[in-house]
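Okay, so here's the structure we're looking at.
The values are calculated or read from the model by the stated rules, or taken from the named source; none is laboratory data. Bear in mind the structure is a predicted one, so any value in this text is a computation, not a measurement. Every residue, glycine as well, gets a Cβ built from its backbone with ideal geometry; the counts of neighbours run over all protein chains shown. We work out accessible area using only protein heavy atoms, side chains counted, and drop any ligands, DNA or RNA first. Shrake-Rupley method; radii C 1.70, N 1.55, O 1.52, S 1.80 Å.
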There are 2 protein chains.
Amino acid sequence: MSSSDVLIHLHQKALNLLHEDATKIEKLIEVQMENLTTRQCPLYEEVLDTQIYGFSREIDFAIRAGLVAEGVGKEIISKLERNLAQLYEALEK
Amino acid sequence: MSSSDVLIHLHQKALNLLHEDATKIEKLIEVQMENLTTRQCPLYEEVLDTQIYGFSREIDFAIRAGLVAEGVGKEIISKLERNLAQLYEALEK
């Protein structure tokens, strides 16, 4: 592999990992949204906040390590934060 | 640069970033240890726990992305956790 192939492979791998992690948190948020209507389980706001914080550290590291463009990383985390904000908004109703 | 040069550069950069982040948390722990004797500031156990958690997510990502060997990553986090355990032990005295 040429050096640019190696870089593309690493960048793609990093991006895939981040998307996988984001999807896991999204699922958590979805489950919490469902719980809002069914009330079968308690809500774990703190767990979600912690997950998002940990994920933001992953994104930040990936950006600093030069694996993911800053704009891309920030967009992934913004999307999660918007979902979370919707959940919290729904909680307050 | 050859592909192996690119990889070495990326691995070194990732390792440097992790060591920098570990040093920041170590300084935080040291400050807290000093506060134990001077009691000038409140102790922020929760802040430290959160920092270590976020850092462990960084390390985990770096390992999964293939930037840092698993043993190296785990050793960095273990060292911090040992320091933190010492702080908590001192707290209980």
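For the stretch A:70-85, a residue qualifies if it is open to solvent by 90 Å² or more (accessible area, probe 1.4 Å) and either in contact with a Cys (Cβ under 6 Å, 6 or more places away or on another chain) or free of Cβ contacts under 8 Å to residues at least 24 places away in the same chain (or both), and the qualifying residues are A:Glu70, A:Lys74, A:Glu75, A:Arg82. Count of the stretch B:45-64 residues, restricted to those that are within 28 Å of A:Leu10 (Cβ to Cβ) and touching a residue at least 40 places away in the same chain (Cβ under 8 Å), is 3.
The set of residues in the stretch B:58-72 that are of a type outside the set (D, E, K, R) and under 15 Å from B:Ile25 (Cα atoms) contains only B:Ile59. Scanning the stretch B:1-30 for residues that are aliphatic (A, V, I, L, M) and surrounded by 14 or more Cβ atoms within 10 Å (Cβ to Cβ) yields B:Val6, B:Leu7, B:Leu10, B:Ala14, B:Leu15, B:Leu17, B:Leu18, B:Ala22, B:Ile25, B:Leu28, B:Ile29. Here B:Thr37 meets the list (1) surrounded by 13 or more Cβ atoms within 10 Å (Cβ to Cβ); (2) among the hydroxyl-bearing types (Ser, Thr, Tyr); (3) more than 21 Å from A:Tyr53 (Cβ to Cβ) almost entirely, failing just condition (1). Taking the criterion of being modelled with pLDDT under 80 and either outside any helix (DSSP H, G or I) or under 14 Å from A:Ala85 (Cα atoms) (or both), the residues of the stretch A:37-55 that qualify are A:Arg39, A:Gln40, A:Cys41, A:Pro42, A:Leu43, A:Tyr44, A:Glu45, A:Glu46. Only one residue in A:Tyr53, A:Tyr88, A:Tyr44 is among the aromatic types (Phe, Trp, Tyr) and more than 16 Å from B:Tyr53 (Cβ to Cβ), so which one is that? Matching residue, one of A:Tyr53, A:Tyr88, A:Tyr44: A:Tyr88.
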